[in-house]
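Notes for the one structure printed next.
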Amino acid sequence: MIELKNAVKKYILYENETVALDNMNLSVREGEMTAVVGTSGSGKSTLLNILGGMDRLTSGSYLFDGQEVSGLSYGEMHRFRKQNISFVFQNFALIERCTVYENLEIPLLARNEKHCRKRIMDCLERLKIADLAQKYPRHLSGGQQQRCAIGRALVTDSRLLLCDEPTGALDSRTSAEIMDLLFEANAGGRTVLIVTHDVDVAERCSRRIRIEDGKIVE
């Protein structure tokens, strides 16, 4: 499903060059549940941004189902993300002026999907926050906000779910519940890739990749 070949990502700031990905080669099969671990600054978030089409490689190749992603135009990249990828962010990234229901509705509207009320409410029921549908993010606990963020990712039929520290701000009990939801998504056929510092989260995944200095070391 995913293949990186000799992937390099460099950032230049004030004439100083930083290599975030250093000739990385990686393959991820469809349906895998993969954890990406490593110290801060190792390149984990850069990898997530590349795979999610939020950033571009400096050199090398990124193939998704055999299609070269790196060379897509801005509009093509936008369509690629909408059709294939959902994100779960560490800081939730919910739209504060929108209700829980509306936060889940937005990615569906972006795909021009209509008559989605039952689909959204079924998703909220599964996440145990249906009673919060008309609440705003500021009225929710951290765990409830993360459930909403996961709901926004799951309500579409995107095949790849990218999670950046999805349990980083949560207590151990809520973290376990959130991981159960991600495993349920994986069991339903989603490919899930999780960037995490949490050893327990990583050990629950069927595959673990360790990155240091922009390279896969294990």
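The values are calculated or read from the model by the stated rules, or taken from the named source; none is laboratory data. Since this is a predicted model, take the numbers as computed values, not measurements. Backbone-built Cβ (ideal geometry, glycine too); neighbour counts: all protein chains shown.
If you go through the stretch 182-201 and keep only what is in contact with a Lys or Arg (Cβ under 8 Å, 6 or more places away or on another chain), crowded, with 19+ Cβ neighbours inside 10 Å and among the hydrophobic types (A, V, I, L, M, F, W, C), you end up with just VAL195.
Number of residues in the stretch 73-121 that are within 27 Å of SER45 (Cβ to Cβ) and not aliphatic (A, V, I, L, M): the value is 23. So which residues in the stretch 144-163 are more than 20 Å from ARG119 (Cβ to Cβ) and modelled with pLDDT under 90, if there are any at all? Once the filter is applied, which keeps residues that are more than 20 Å from ARG119 (Cβ to Cβ) and modelled with pLDDT under 90, the stretch 144-163 yields only GLN146. Looking only at residues in the stretch 1-16 that are part of a strand (DSSP E or B) and without any contact (Cβ under 8 Å) to a residue 12 or more places away in the chain, the one that is nearest to ASP198 (Cα to Cα) is TYR11. Taking the stretch 80-131 as the search range and keeping residues that are among the acidic types (Asp, Glu) and out of contact with any Cys (no Cβ under 9 Å at 6 or more places or on another chain), which one is modelled with the lowest pLDDT? Only one residue fits best here, namely GLU113. Scan the stretch 175-198 for residues that are free of Cβ contacts under 8 Å to residues at least 60 places away in the same chain, farther than 23 Å from GLN83 by Cβ and assigned to a helix (DSSP H, G or I) and report the count. Result for the stretch 175-198: 6.
Residues that are farther than 21 Å from SER206 by Cα, of a type in the set (A, V, I, L, M, F, W, C) and touching a residue at least 40 places away in the same chain (Cβ under 8 Å) within the stretch 25-57 comprise ILE50, LEU57, listed in sequence order.
Would you call THR167 touching a strand residue (DSSP E or B) at 6+ places or on another chain (Cβ under 7 Å), among the polar types (S, T, N, Q) and assigned to a loop (DSSP other than H, G, I, E, B)? Answer is no for this residue.
Within the stretch 118-148, how many residues turn out to be at negative phi, exposed (fewer than 14 other Cβ atoms within 10 Å of the Cβ) and not in a helix (DSSP H, G or I)?
Within the stretch 118-148, residues that are at negative phi, exposed (fewer than 14 other Cβ atoms within 10 Å of the Cβ) and not in a helix (DSSP H, G or I) number 2.
Within the stretch 11-49, being modelled with pLDDT of 90 or more and among the acidic types (Asp, Glu) holds for ASP22, GLU30, GLU32. Checked against the criterion of being within 13 Å of THR34 (Cα to Cα) and either of a type in the set (Val, Ile, Thr) or modelled with pLDDT of 85 or more (or both), the stretch 166-175 contains not a single residue that satisfies it. Put simply, of GLY168, GLY151, GLY214 the only residue that is surrounded by 15 or more Cβ atoms within 10 Å (Cβ to Cβ), in contact with a Cys (Cβ under 7 Å, 6 or more places away or on another chain), of a type in the set (Gly, Ala, Ser) and touching a residue at least 40 places away in the same chain (Cβ under 8 Å) is GLY151.
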